[in-house]
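Written out below as C-alpha cells is the structure these notes cover.
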Amino acid sequence: MSWKKGECSVLTATDVFEQTRAAALRATGPDERALQIDYPALASKIDRALAGRKINLLHVNEFLPEGYEDQGRFNVIVMTLSKVLFDMVIGDSYFRYDIFSCGDLDKIQLIDGTWDNKEKRTEESFLSLRLMHGDEAHILLALNEDQRPTVLSFAEKISHGRHPEQVA
C-alpha cells in the first residue's frame, strides 16, 4: 500500500484483509508451496481482532526476518487512529496478533542500512523499524524502495506521538 505525505486515508478491517490477501499471494517464494489460507476465516479473524477500529497506517512485511516467527510466512502491522498497534502474523494455518499502544513502547529504533544478499551476490539497502516493549520486538521491514514510505510514516507518527516538541 502506498501512502503519500499528508494523505489521511482511513482504512477498515475489510481494507486490511484485502491488502493481507494480496500480500499472501506474493508471500510464496519460487521454491515454496503456495500458502494454504482459509481466506473467509482470515477475514473474520482480522475483523474480530480490529473490532471496528479505524486504521491509520498499514505495513506488510512480506519477508519475516529469520527467527522472528516459526509458523508465520509474513506479518501485517496496523496503527489505529488512536495510536494502537496490531502486529498480525499469518501462515498456512496460523494467525496470531499482538496489541500494544504507542505509549507502551520502551524504544523505537530506525535502521537504514545495507545487507549482503548472498543469493544474488549483491549488497542491497533496507529500512527497519523496531518497536520494542519489554522483551518483545515488532519489526517493520522495507527491502525495496516501494516499501520505505510506510515504514517512514510509522516512524514519524510514532515518534511525534511519543515525543512531541515542546513549544515555549
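Name the residues in the range 107-151 that are of a type in the set (Phe, Trp, Tyr) and more than 18 Å from Asn75 (Cβ to Cβ), would you? Outline the logic, then answer.
Of the residues in the range 107-151, the ones of a type in the set (Phe, Trp, Tyr) are 115, 126.
If the condition is that a residue be of a type in the set (Phe, Trp, Tyr) and more than 18 Å from Asn75 (Cβ to Cβ), then Trp115 is the only one that fits.
Name the pairs whose Cβ atoms lie under 9 Å apart, with the first residue in the range 148-161 and under 11 Å from His59 (Cβ atoms), the second assigned to a helix (DSSP H, G or I), and 6 or more positions between them or separate chains?
From the range 148-161, no pairs qualify.
Taking only pairs six or more apart or across chains, which ones have beta-carbon atoms under 9 Å, a first residue in the range 122-135 that is free of Cβ contacts under 8 Å to residues at least 60 places away in the same chain and open to solvent by 60 Å² or more (accessible area, probe 1.4 Å), and a second residue that is in a strand (DSSP E or B) and polar (S, T, N, Q)?
Sorted first by the residue in the range 122-135, then by its partner, the pairs are Glu123/Thr114; Glu123/Asn117; Arg130/Gln109.
Just to be sure before I move on: is Val78 surrounded by 13 or more Cβ atoms within 10 Å (Cβ to Cβ), assigned to a strand (DSSP E or B), among the aliphatic types (A, V, I, L, M) and touching an Asp or Glu at 6+ places or on another chain (Cβ under 8 Å) in the structure I sent?
On the way: surrounded by 13 or more Cβ atoms within 10 Å (Cβ to Cβ): yes; assigned to a strand (DSSP E or B): yes; among the aliphatic types (A, V, I, L, M): yes; touching an Asp or Glu at 6+ places or on another chain (Cβ under 8 Å): no.
So Val78 does not fit the description; no.
Read through the list (1) at pLDDT below 95; (2) open to solvent by 30 Å² or more (accessible area, probe 1.4 Å); (3) over 15 Å from Ile158 (Cβ atoms), then give the number of the only condition that Leu141 fails.
Answer for Leu141: the failing condition is (2).
The values are calculated or read from the model by the stated rules, or taken from the named source; none is laboratory data. The shown structure was predicted, so the numbers you read here are calculated from the model rather than taken from an experiment. Because the Cβ atoms are built from the backbone with ideal geometry, glycine has one as well, and the counts that use them run over all protein chains shown. What goes into the accessible areas is simple: the full protein's heavy atoms, side chains included, and nothing from ligands, DNA or RNA. Shrake-Rupley method; radii C 1.70, N 1.55, O 1.52, S 1.80 Å.
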